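This report refers to the structure that appears directly beneath it.
The values are calculated or read from the model by the stated rules, or taken from the named source; none is laboratory data. From a predicted model like this one, the values you see are computed outputs, not experimental measurements. Quick reminder, even Gly has a Cβ in these numbers, built from the backbone with ideal geometry, and neighbours come from all protein chains shown.
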Amino acid sequence: MKAVMLMFDTLTRHHLAPYGGEAITPNFTRLAQASAQFDRFYVGSMPCMPARRELHTGRYNFLHRSWGPLEPFDFSTFQALRQAGIHTHLVTDHKHYWRDGGATYHTRYSTFEFIRGQEGDCWKGQVEKPTIAWQGLEDEDTLRRRSGRMTQDLINRAAMPAQEDHYTHRTIQAGMDFLEVNQHQDNWFLQIECFDPHEPFFVPEKYLAQYGCTADEFDGWVPYYCGAPGGQNDEKVRKFYQALVTLCDDYLGQVMDKLKALNLWDDTLFIVCTDHGFLLGEHQWWGKNIMPVYNEIANTPFFIRDPRSRSYGVRRQALAQTIDIPATLLDYFDVPPPASMTGRPLREAVAHDAPVRDYALFGYFGGHINITDGDYVYMRCPREEGKGRLYEYTLMPTRIDSMFNVSELQNIALHPGFDFTQGAQVMQIPATFGYLNPWRFGDKLFDLRTDPGQTVSLADGEKTLHYAQAMRAMMQAHDAPSELYIRFELDAIGAARESAFAERWSRLNLLAECEHHGVEEALRFILRAGQAQGISRDVLLAHLPEGKTVREAEIFSLIDAFFKGDPHRALVYQIRLLLRTA
């Protein structure tokens, strides 16, 4: 038995031709004709490493903790395969595996290979730093805060002048080298994992030329803010992303051709997937992590070619998720899943479009809890503004590239553990978040059948109640922490309580008329900052010109009037980022 999983990071299905996208992707079209293409495939936990924890454990991460490594009690699918005599090999340029918050993942594989240079990876050592003169970064605060990673990225790019030096080329080539060496062997799994098309968009000229672009037009860094980059640059940024998708498509075709040339195509399980999508101006947002998890982020491309069923050139409507991928791999290699795994094998869904589940949960730790049945998406926000009661449960207190601060560990408690911790107690650590405030967006309900673009949020109390009850049942099945039921008012669900929250949220979130959505976001940010400084909402709003549309100038005037010193500087920096202005 042999299996290959080709994984791209931040691959948005809306740009792929098989899903109706406009990017140049002939090999994805070829893949769709030779596999089962899933239309209702959803993420679980986001972003990068939370999704990869699900790839190992086959259960949701976001209900219990944020970004972090595999825990001592976690089941790893790839370690279980290794222990069952299946050689598992990882080749990737995803730098997060080698940072504090991902340091326990790659060692679960039998062997692994790391390709250097992505996203400001601390790779090439150069004392003298290049000068950054990229557009859109005019103010000193922005340069100071972002220049470390961006200057390192410039140094790395200089070491990759030709396409053969590009990290995606080297990653794919290393994966195909494994295929060459092991083509006549049995019982192996290969994971080829490319960080592209994740930003920054570093694209060889041959792909940019297909979209009428050149490398010097855009630095490739997309800020995760409302309304950014804004204006005439929007289409250019989309073209850079699509050019990178076309690069990924090119290398997908090379992997497919290699499997055929080595006579592996017909008897090898082949999966092509991603961890999440990306917003490129849809819903007036760019990026991920901050805004509601719209389908551009959550509803991801998924293709699987299973030699057992030989169901090729078909589309599947079964509702499936990331947590089903490890269950599918264990099933394929005939390795029993642990009791803690809630993902389900996709064999029957591939063969007959058999249902996998009635509902899927997804989200970020600390954000909305989202649920879908494939027809509707319901996003439920916390029932009070601010952090509320929220804890991280872990024995590995690390984040993306750092350990938890000592101050965060001074108020920990021991928790008896959950149904997946194998009897181990865990640390209960009060959560701290500076950028995520799902309260400001409120609840959202979308009918995907009539509104696939999620443009109009419905006010339907009966359906809200229905999905809230389904959400609570799903959380119970995944042993969610008790405080989440209180945070989201899922402890006692009722129509009157739901209606009261909707009225309270509307009353507290009435704002002045704003010039555009970015100004509205900036105003909300200032109101929260004022609340933290003891400045009431009413006082701040009273400073705005009565009866006039709030514009960017009024936003900065508001900051000047009420904030001084470090709070003033910090607010100006944050608002400039939101508005993308110097």
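Just checking, does the range 42-50 include any residue being among the small types (Gly, Ala, Ser), touching a strand residue (DSSP E or B) at 6+ places or on another chain (Cβ under 9 Å) and crowded, with 24+ Cβ neighbours inside 10 Å? So far as the range 42-50 goes, yes, one or more of its residues are among the small types (Gly, Ala, Ser), touching a strand residue (DSSP E or B) at 6+ places or on another chain (Cβ under 9 Å) and crowded, with 24+ Cβ neighbours inside 10 Å.
In this structure, Asn182 does satisfy being among the polar types (S, T, N, Q) and crowded, with 16+ Cβ neighbours inside 10 Å. Residues that are touching a Pro at 6+ places or on another chain (Cβ under 8 Å) and of a type in the set (S, T, N, Q) do not occur anywhere in the range 378-395. Within the range 321-353, the residues that satisfy the criterion of being outside any loop (DSSP other than H, G, I, E, B) and either farther than 21 Å from His87 by Cβ or in contact with a strand residue (DSSP E or B) (Cβ under 9 Å, 6 or more places away or on another chain) (or both) are Gln321, Asp324, Ile325, Thr328, Leu329, Tyr332, Arg347, Glu348, Ala349, Val350, Ala351, His352. Of the candidates Ala529, Ala553, the single residue that is out of contact with any Gly (no Cβ under 8 Å at 6 or more places or on another chain), under 30 Å from Leu63 (Cβ atoms) and not assigned by TED's automatic domain parsing to the domain that holds Thr421 is Ala529. Filtering the range 420-439 down to residues that are polar (S, T, N, Q) and at pLDDT below 90, which residue is surrounded by the fewest Cβ atoms within 10 Å (Cβ to Cβ)? Top of the filtered list is Thr432.
For (1) within 24 Å of Trp285 (Cβ to Cβ); (2) in contact with a Lys or Arg (Cβ under 9 Å, 6 or more places away or on another chain), each residue gets a yes or a no:
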| residue | (1), (2) |
| --- | --- |
| Thr455 | yes, no |
| His466 | no, no |
| Leu511 | yes, yes |
| His517 | yes, no |
| Ala529 | yes, no |
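Quick grid of which residues meet (1) under 27 Å from Pro326 (Cβ atoms); (2) assigned by TED's automatic domain parsing to the domain that holds Gln321; (3) without any contact (Cβ under 8 Å) to a residue 24 or more places away in the chain:
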residue	(1), (2), (3)
Leu252	yes, yes, no
Lys258	yes, yes, no
Ala261	no, yes, yes
His276	yes, yes, no
Gly281	no, yes, no
Trp285	no, yes, no
Glu296	yes, yes, no
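Considering Gly417, Gly442, Gly453, the condition of being of a type in the set (Gly, Ala, Ser), touching a helix residue (DSSP H, G or I) at 6+ places or on another chain (Cβ under 8 Å) and surrounded by fewer than 18 Cβ atoms within 10 Å (Cβ to Cβ) is satisfied by Gly453 alone.
Report whether or not Ile575 is aliphatic (A, V, I, L, M), free of Cβ contacts under 8 Å to residues at least 40 places away in the same chain and within 14 Å of Glu515 (Cβ to Cβ). Judged against the criteria, Ile575 is not a match.
Does Leu510 fit the bill of being surrounded by 14 or more Cβ atoms within 10 Å (Cβ to Cβ) and aliphatic (A, V, I, L, M)? Considered against the rule, which asks whether it is surrounded by 14 or more Cβ atoms within 10 Å (Cβ to Cβ) and aliphatic (A, V, I, L, M), Leu510 comes out as no. Of the candidates Glu503, Glu408, Glu498, Glu462, the single residue that is charged (D, E, K, R) and within 27 Å of the chain's Cα centre (by Cα) is Glu408. Confirm whether Arg59 is of a type in the set (D, E, K, R), in contact with an Asp or Glu (Cβ under 6 Å, 6 or more places away or on another chain), at pLDDT 95 or above and in a loop (DSSP other than H, G, I, E, B). Here the answer is no, as Arg59 does not meet what is asked. Close Cβ contacts (under 8 Å, 6 or more residues apart or on different chains) running from residues in the range 485-507 that are assigned by TED's automatic domain parsing to the domain that holds Cys381 and surrounded by 13 or more Cβ atoms within 10 Å (Cβ to Cβ) to residues that are modelled with pLDDT under 95 and aliphatic (A, V, I, L, M) comprise Arg487/Leu390; Ala502/Ala459.
For the range 363-407, taking the residues that are farther than 20 Å from Ile429 by Cα, touching a His at 6+ places or on another chain (Cβ under 9 Å) and of a type in the set (A, V, I, L, M, F, W, C), the one that is surrounded by the most Cβ atoms within 10 Å (Cβ to Cβ) is identified as Met379. A count restricted to the range 74-112 and to residues that are in a strand (DSSP E or B), over 13 Å from Pro326 (Cβ atoms) and out of contact with any Asp or Glu (no Cβ under 9 Å at 6 or more places or on another chain) stands at 3.
When the range 111-130 is limited to residues that are among the acidic types (Asp, Glu) and touching a helix residue (DSSP H, G or I) at 6+ places or on another chain (Cβ under 7 Å), the one that is nearest to Thr92 (Cα to Cα) turns out to be Glu113.
Taking the range 408-494 and the strands (runs of 3 or more DSSP E) fully enclosed by it, the elements with 1 or more residues that are under 17 Å from Arg65 (Cβ atoms) are at 413-415, 426-430. Considering only residues of the range 540-558 that are within 18 Å of Ile575 (Cα to Cα) and among the charged types (D, E, K, R), which is surrounded by the fewest Cβ atoms within 10 Å (Cβ to Cβ)? Result: Arg551. Residues of the range 554-567 that are closer than 15 Å to Arg528 by Cα and at pLDDT below 90: Pro567 alone.
Say we look at the range 53-100 and pick out the residues that are among the charged types (D, E, K, R) and in contact with a His (Cβ under 8 Å, 6 or more places away or on another chain); which of these is nearest to Leu436 (Cα to Cα)? Residue satisfying both the conditions and the ranking: Arg59. Comparison of Asn299, Asn289, Asn263 shows that the only residue that is within 16 Å of the chain's Cα centre (by Cα) and more than 19 Å from Ala32 (Cα to Cα) is Asn289.
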